[in-house]
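What follows is a set of notes on a single structure, which appears directly below.
The values are calculated or read from the model by the stated rules, or taken from the named source; none is laboratory data. No experiment lies behind these values; they were computed from the predicted model shown. Please note: Cβ atoms are built from the backbone with ideal geometry, for glycine as well, and neighbour counts cover all protein chains shown. For accessibility, only protein heavy atoms count, side chains too; no ligands or nucleic acids. Shrake-Rupley method; radii C 1.70, N 1.55, O 1.52, S 1.80 Å.
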Amino acid sequence: MTASRSTLRCHDANCRKRYELSEVIYSCATCGSLLEVFNSFDGVEGSGLRELWQERRLSRRRIDVSGVWRFREMLPFVTDERHIVTLPEGNTPLFEAPAAAAYAGLDGLQFKHQGYNPTASFKDNGMTAGVTQARVLGMQRVACVSTGNTSASMAAYAAAADMQAVIFLPAGKIAYGKLAQALEYGALTIQVEANFDRILALVRELAVALGIYVLNSVNPFRIEGQKSIVIEMLEQRGWRVPDWIVLPGGNLGNISALGKGLRELRQLGLIDSLPRVAVIQAEGSAPFHAQFRDGGELRAVRKPETLATAIRIGDPVSWRKAAFEVGTVHGVVESVTEQEIADAKAVIGRCGIGCEPASAATLAGIRKLVKAGAVKASAEVAAILTGHLLKDPDYVYRYHSGQLETPSGQPIRATFGNAPITVGHDRGRIAELLERYARPA
Ligand SMILES: *Cc1c(COP(=O)(O)O)cnc(C)c1O
Ligand SMILES: [Zn+2]
């Protein structure tokens, strides 16, 4: 690893102010926009990279085993590999899912499953880079405001780096599966009686005063790590670019990373065309879908609601980055109902693939886009499953037993329900049951 070819840069095309990588800064001091890591790939030979990355799969070196740092030529902000904090992440499977394809009306469909990460969501792809930067900066403490996968991931990487993780929870809504991870990994967990935005403002103030590094989704280094999802997906596809990549959208960091990764891959000559991208939101938390449809500024949803808690975001911080990336790839933004998400999730389950509700928004969205004629049946489509089934087992049980309700209390039909059956210790009855539920040969 050599001298860094990266700087921090304001994302606003009319500002573009630059900052040193060593500055602890999260938004532009001049205009307030988000920052991005700007990579100059001058002198990087794109042609040899495919083979180099392939060869590293045979290596046992810590940074070669990681499915993020194996692609480190595309993350040149790290100049000393000893700083790298890895668990290791990435190396996630790309599944063929014929039953899900049929459900969506497609000839074929692939799922890139980021739930196969150390803490079972794609947040690990970004967090390895974010915590590595914290170490580069010499930080002893990292913090985030989150009740979800971000806190689970940050807690694990901080533990691996021997840093203290501080998690701030907004009062009220707590996702126990994810909170359980944070507690187990030893994070200092503080519940605050305020909403997300007010806590984040406070944390950012305190962070400056106390020397704590903030790893919320504004953090540009997390975006750098998340680029690896699409790099690895394309490598697994033999560098054949699909027609569509589909992913759920919450704070919109993941779509921002996907778009940046694709543009940089093209710049390096690793791909010569761009796929189209579809971002899917849940109907009750769909400010980006509204902005895409109506244009203009994004109007925040004041009370975002969805059972897909990972995308229950009313005011997505990265929407301008996301809008730029969606525009670049002629992408679309769609929204789907709670019923559509729940059914799509069960269909994915029937493929032997378990994901959390937010991830299933992808299949629901694809089905809608195929029906509307926006995506052709013959299109090559790859969807990103963002988190693992076991993040939210309560939802799964409620769906299959017909007890799931939308946030406003409407019942959700168990279209593909699979409730457990209770029966006495009775040979005849059990034999009869097995007969009744026997699959036709
Ligand atoms: C964070 C998260 C999302 C949303 O990603 P954004 O980058 O905020 O758009 C979707 N699904 C899961 C499982 C997540 O953890
Ligand atoms: Zn600026």
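At a glance:
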quantity	calculated
Interchain or long-range residues, amide H under 5 Å from residue 213's placed H	141, 142, 143
Highest-first arrangement of 105-113, 306-314, where packing means the average Cβ count within 10 Å	306-314, 105-113
Residue-count net charge about residue 8 - beta-carbon cut-off 10 Å; Lys, Arg +1, Asp, Glu -1	0
Environment charge at residue 106 (Cβ cut-off 10 Å; Lys +1, Arg +1, Asp -1, Glu -1)	0
Gained length - residue 394 relative to residue 267, 0.36 nm times residue gap less alpha-carbon distance	41.3 nm
Segment residue 60-residue 81, extension gain: residue separation times 0.36 nm, minus the distance between their alpha carbons	6.1 nm
Potential extension, residue 378-residue 429 segment - 0.36 nm per residue separation minus Cα distance	13.7 nm
Spatial extent of the chain: Rg and Dmax, with the Cα atoms as the point set, Å	21.8, 77
Gyration tensor (alpha-carbon) shape descriptor, segment 291-416, a/c threshold 1.5	oblate
Calculated diffusion of segment 1-57, Stokes-Einstein form, Kirkwood radius summed over Cα pairs, 37 °C and 0.692 mPa s, µm²/s	248 µm²/s
Heavy-atom surface of the chain, accessible at 1.4 Å and reported per residue (Å²)	44 Å²
Solvent-accessible area of residue 185 with every protein chain in place, 1.4 Å probe, in Å² to the nearest 10	80 Å²
Principal-axis tilt of helix 149-160 within the chain, Cα atoms, nearest 10 degrees	60 degrees
Phi-based couplings in Hz for segment 93-108 (Karplus 6.51, -1.76, 1.60; Gly and Pro marked x)	x, 10, 9, 8, 9, x, 5, 5, 4, 4, 4, 7, x, 10, 6, x
Summed side-chain charge close to residue 380 - residues other than residue 380 whose Cβ falls under 15 Å, Lys, Arg +1, Asp, Glu -1	+2
Share of Cα-Cα pairs in segment 1-144 lying beyond 24 Å, as whole percent	46 percent
Relative packing of peptides 58-67, 116-125 - highest average C-beta neighbours within 10 Å first	116-125, 58-67
Shape call, segment 186-311: gyration tensor on alpha carbons, a/c limit 1.5	oblate
Fraction of alpha-carbon pairs over 20 Å apart in segment 103-224 - percent	42 percent
Between helix 123-136 and the chain: long-axis angle, C-alpha atoms, 0 to 90°, nearest 10	20 degrees
Area of residue 421 that stays accessible when all protein chains are in place (1.4 Å probe, Å², to 10)	100 Å²
Loop sites in segment 185-245: trypsin sites (Lys or Arg not before Pro), DSSP, at most 11 other Cβ within 10 Å	240
Solvent-accessible surface (1.4 angstrom probe) belonging to residue 18, in square angstrom, nearest 10	130 Å²
DSSP-assigned coil residues among GluC sites (Glu not before Pro) in segment 236-311, each with at most 10 further Cβ atoms within 10 Å	297
Whether segment 147-206 is rounded, prolate or oblate, judged on the alpha carbon gyration tensor where a/c under 1.5 counts as rounded	oblate
Enclosed volume per residue, in Å³, of the convex hull spanned by Cα atoms of segment 195-234	67 Å³
Cα→Cβ-extended label distance, 7 Å offset, between residue 293 and residue 408, nm	1.4 nm
Those lysines that a straight Cα-Cα span of less than 24 Å connects to residue 260, excepting residues fewer than 8 apart in one chain	17, 112, 123, 227, 321
Estimated inter-spin distance, residue 208 and residue 91, nm [label 7 Å along Cα→Cβ]	4.2 nm
Segment 207-351, accessible surface, carbon-and-sulfur percent (1.4 angstrom probe)	47 percent
